[in-house]
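Following: one structure in structure tokens, then a few remarks.
Just so you know, all these numbers are worked out from the coordinates, no wet-lab data involved. Because the structure is a prediction, the values reported are computed rather than measured. Cβ coordinates were reconstructed from backbone atoms using ideal geometry, including for glycine residues, and neighbour counts include every protein chain displayed.
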Amino acid sequence: MADQHSSAPPGQRPPWYARTATSAGRPAVLAATLVMSMPGEYHVAKIAGWSDPWAYGMPFALSAYAGIAAVVAATRPKGARGRTSAQLGAGFAIVLALAAQVVAHLVQTGHMNGNQAWLIAVTSMVPPAVLAHLLHLAATPTPVVTPSTSVDTPVVERVESPVEQPAEPRPAVVPPPLPVEPPAIEQPPAPAPIRYRDARCTAIRPLYNDGARPGTAAMRDALLAAGHGRVGDSTIRGTLRAEVEEHEPHLAALPPAIGRTA
């Protein structure tokens, strides 16, 4: 059945009732045709000698098989294994389904005698033939088509250019030598920051930057200015200044600062 959008002009969708009728009508028509085909195919099975409930399997062996074979034949890609067999089977199944309807109605209306050997023989061969063809289709799976990721390489035509006479060689121009840059002097790594055990030492250490060893009074004033409060002279000289000079022994060799020492 044609696609529901095939009749609409490009860029325009069909109205909603047309889309609804198409989408809902397909399963309705399928169900109706199967139901209408079942009595005739059931009657053909009864003529061939099948009893109930086995005769009810003939509609599935004819109409349902015809639909299945038609779908399989339509979905097999061109050149795939089993495509020709599926097409032949679909055509054979449709012919059998049509013939069953014609024969059943001719017999029921009295235009044909159903008690004939060839009719019974042909009808009896339908189930095994359908089973064999369905198994054949199942044994030849549809190949999976993977999208190609290759890029077409453009074809470049080679144009023959006329042969030119070689020009006279010119003397090679030697560029002047580039000035040799002196090797870069590596800077010594920066010393690691000193971590004092007593944080109050950081207030005293800047007093050595003047190149002199600070006295007790200068260190006391620096501690007060840094917010450490009043500290005893023995702690200033014996603990804080000693720790600063312990990390940097050369500071102890500096000359004493001139000024207030007490």
| field | Loop trypsin sites (Lys or Arg not before Pro), segment 199-232 (other Cβ atoms within 10 Å of the site Cβ: 14 or fewer; DSSP) | value | R230
| Classify segment 191-262: rounded, prolate or oblate, from the alpha-carbon gyration tensor (a ≥ b ≥ c, eigenvalue square roots; a/c under 1.5 rounded; otherwise prolate if a/b is larger than b/c)? | oblate
| From phi via Karplus (6.51, -1.76, 1.60), per-residue ³J(HN,Hα) for segment 52-66 in Hz, x at Gly/Pro | 6, x, 5, 5, 6, x, 5, x, 6, 6, 10, 5, 5, 5, 4
